[in-house]
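Participant: The structure's right below; bear with me while I get my questions together.
The values are calculated or read from the model by the stated rules, or taken from the named source; none is laboratory data. Quick caveat, the model's predicted, so the values are computed rather than measured. Because the Cβ atoms are built from the backbone with ideal geometry, glycine has one as well, and the counts that use them run over all protein chains shown.
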Amino acid sequence: MKMKMHKCCSCNEYTISQACPHCGGKIKVVFPPKYSIEDKYGKYRRKLKEEMLNK
């Protein structure tokens, strides 16, 4: 059985259980995207980062 870190959508607490132990809210799996040399969305991430720095 693989253990994956989860994050609650309601209270932003991290857990490895299937439900949030704090509020019982909905959880989602948290892990970084797979690394690829051919970064399809790199230009969009850089553009977003640039826009966030200019605000």
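Participant: Would it be correct to say that Tyr14 is within 24 Å of Lys4 (Cβ to Cβ), touching a strand residue (DSSP E or B) at 6+ places or on another chain (Cβ under 7 Å) and surrounded by 10 or more Cβ atoms within 10 Å (Cβ to Cβ)?
Facilitator: So Tyr14 passes the test.
Participant: For the range 17-40, enumerate the residues that are surrounded by fewer than 11 Cβ atoms within 10 Å (Cβ to Cβ) and out of contact with any strand residue (DSSP E or B) (no Cβ under 8 Å at 6 or more places or on another chain).
Facilitator: Answer for the range 17-40, where residues must be surrounded by fewer than 11 Cβ atoms within 10 Å (Cβ to Cβ) and out of contact with any strand residue (DSSP E or B) (no Cβ under 8 Å at 6 or more places or on another chain): Phe31, Pro32, Pro33, Lys34, Tyr35, Ser36, Ile37, Glu38, Lys40.
Participant: Looking only at residues in the range 21-40 that are within 16 Å of the chain's Cα centre (by Cα) and in a loop (DSSP other than H, G, I, E, B), which one is modelled with the highest pLDDT?
Facilitator: Only one residue tops the list, namely Lys26.
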